[in-house]
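I have placed the structure first, in the form of structure tokens, so that the comments after it can refer back to it.
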Amino acid sequence: MATGDLEPVPMRLDHLAGVLELGHRVFDVSVMPYTSWSLSSVAVHLDAQPDACWVVADAGRVVGFVLGSLSYDEREDWGYVEWIGVDSDYQGRGLAATLLEASCQALFAAGATRIVTDVEEDNAASIRLMQRNGFTDKVTVTLFVRHASGPRQPKQARKTPTRDPAKARLHAVARKQQPATSRAESAS
Ligand SMILES: CC(C)(COP(=O)(O)OP(=O)(O)OC[C@H]1O[C@@H](n2cnc3c(N)ncnc32)[C@H](O)[C@@H]1OP(=O)(O)O)[C@@H](O)C(=O)NCCC(=O)NCCS
């Protein structure tokens, strides 16, 4: 699919704000409650694996991005494409496919023997994107949820800052560990 003049470029520090803002618009993190979108999510990726982080900008405005990293859980030779998003005005032009390819090539070049990504079952665009770009459906994980019974007062909720998902992710990446839920993978 033609992408016009819009080509992926390696993500830079001055893209951070644009990536963060676009992610807030396109991601529905409520469908994957084990993850969260924040400045930390972006910065950790750029810090750890800058070559796997790419953006597409139009007249200086970020309209698409992908954030990848090397290592998945304790598997240091697995790449992980965790975040990919394209502005709704730019979707359907093949931008995500070119971003995904750039990130995957960087991860394979960095030593990944396979790349995993997780896709929510109702995300038709993401499923199609992965299927069209070498990812095969590998493992399906169902997140079962049990709610607390009875009313729960906010003041009774424990404040556990270290459980902030963004911070937990920061620590996980620092330890070269990532939360484990995978559905698709691509082998080099
Ligand atoms: C998923 C997403 C990144 C795809 O971006 P995109 O630039 O539109 O994708 P592409 O144009 O490269 O299209 C990739 C494939 O998906 C298909 N596709 C795109 N949108 C689709 C949709 N809504 N439904 C079904 N298929 C769709 C395209 O037709 C294409 O398939 P093809 O090669 O057979 O034609 C974009 O929809 C998005 O940002 N969604 C919100 C964020 C998100 O859910 N990200 C993934 C989880 S992190």
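The values are calculated or read from the model by the stated rules, or taken from the named source; none is laboratory data. Please read these numbers as outputs of a predicted model, since none were measured by experiment. Ideal geometry is used to build each Cβ from the backbone, glycine not excepted, and the neighbour counts take in all protein chains shown.
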Matching residues in the range 93-138 - criterion: being free of Cβ contacts under 8 Å to residues at least 40 places away in the same chain and among the small types (Gly, Ala, Ser): Ala96, Ala124, Ala125
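Would you check if Val29 is at pLDDT 95 or above and surrounded by 15 or more Cβ atoms within 10 Å (Cβ to Cβ)?
On the way: at pLDDT 95 or above: no; surrounded by 15 or more Cβ atoms within 10 Å (Cβ to Cβ): yes.
Answer is no for this residue.
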What tally of residues in the range 86-105 results from selecting those that are of a type in the set (Val, Ile, Thr) and within 6 Å of the ligand (Cβ to nearest atom)? 1
